[in-house]
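Right, one structure below, let's go through it.
The values are calculated or read from the model by the stated rules, or taken from the named source; none is laboratory data. As the structure is a computational prediction, the values presented were derived from the model and not from experiment. A quick note on method: Cβ atoms are made from the backbone with ideal geometry, for glycine too, and the neighbour counts reach across all protein chains shown.
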Amino acid sequence: MVRLEDILAARARLDGIVVRTPLIPLEQDGATLYLKPENLQPIGAFKLRGAYNKISSLTDEERARGVITYSSGNHAQGVAYAARALAAKAIIVMPNNAPSIKREATAALGAEIVLVGPSGVERQLTAEELAAQHGYVIIPPYDDEKIIAGQGTAGVEIAEDMPEVDLVLVPIGGGGLISGISTAIKSLKPSVKVIGVEPELAADTRASFRAGHIVKFPVEQVLSTCADGLRAQFPGTMTFEHIQRYVDDIVTVSEDEIMQAVRVLARNAKTVAEPSGAVTTATWLFHREQLPASNHTVAVISGGNIDPGLLARIHS
């Protein structure tokens, strides 16, 4: 299990690398939601926190061998960015249906891209095979202590920047972000409620949370959500352990609610969020009755790497 000390060590490594994102108020119907806009990171998403913490923790010999990961987009960019900064070769296994904006951004950072089918399992197996053949070091997208600790630095910032916070909403894909944030929040402020949010079509972690064991969703189903960064078929073993220990509940939002939240954020908060990053706002807008009572709620906007065409259609 990741501890607060691990997250604080990660923060020291990330000093000067990641943006300490502010808390931005969103006013709606007389209530206020505070946004944690991780879309302001250099790669447009929170993933840089974990990727840089992991790669900077490797030995010189490990970095010299090169790193490899498997990702649909934001973690790919995080690894590519961190590897370039730390002078390591990066190979990224991506699905052939990854948004072009994420694929092109990853390539622009100097990474070598290997395209495979849409299944997350296929991506992981391909990365593992290439690592075995060439000696690359695998940088997992979420199921890793250094990755979780890096993501948890966002939780420390929330606790420090808003001491009166009593509810934090976090998107869930594979679970790395909520594992890190919930560990940090519960370690610093145990009374704060941490709620995870998933699309209805990719609610594998909620199903697992309810069942008490990992539940796997069909790839065809999770691929149907517009929230491409949350299309994990099941939570990681390590992340699920953290979620069971620290997360209070998991709620879901519909596809239409996600799209409406993207629109609200762009128009009212002047924040460009990709669908995956807007799920927390969607929960606050449309399912507040399902949430614990709160005077100071923070919603993490995990990323803003949205296809311009999709953004235009949402606003049309």
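The table for this structure:
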| read-out | value |
| --- | --- |
| Helices (runs of 4 or more DSSP H) wholly inside segment 85-173 containing at least 1 residues that are of a type in the set (D, E, K, R) and touching a residue at least 60 places away in the same chain (Cβ under 8 Å) | 100-108, 145-161 |
| Which numbered condition VAL121 misses (of (1) under 18 Å from the mean Cα position of the chain (by Cα); (2) closer than 21 Å to GLY73 by Cα) | (1) |
| Given (1) under 22 Å from PRO25 (Cα atoms); (2) of a type in the set (Lys, Arg); (3) modelled with pLDDT under 95, index of the condition ARG231 fails | (1) |
| Flag for GLN77 being surrounded by fewer than 24 Cβ atoms within 10 Å (Cβ to Cβ) and not hydrophobic (A, V, I, L, M, F, W, C) | no |
| Some residue of segment 214-230 being closer than 21 Å to THR153 by Cα and buried (at least 24 other Cβ atoms within 10 Å of the Cβ) | yes |
| Of all residues in segment 88-147 being among the β-branched types (Val, Ile, Thr) and closer than 21 Å to THR237 by Cβ, the one that is surrounded by the fewest Cβ atoms within 10 Å (Cβ to Cβ) | VAL121 |
| Only one of ALA312, ALA266, ALA293, ALA261 that is free of Cβ contacts under 8 Å to residues at least 60 places away in the same chain, over 19 Å from SER208 (Cβ atoms), buried (at least 20 other Cβ atoms within 10 Å of the Cβ) and over 16 Å from the mean Cα position of the chain (by Cα) | ALA261 |
| Count of segment 14-30 residues which are among the charged types (D, E, K, R), more than 19 Å from the chain's Cα centre (by Cα) and modelled with pLDDT of 95 or more | 1 |
| Whichever residue in segment 239-258 is within 17 Å of the chain's Cα centre (by Cα) and assigned to a strand (DSSP E or B) and, among such residues, is surrounded by the fewest Cβ atoms within 10 Å (Cβ to Cβ) | VAL251 |
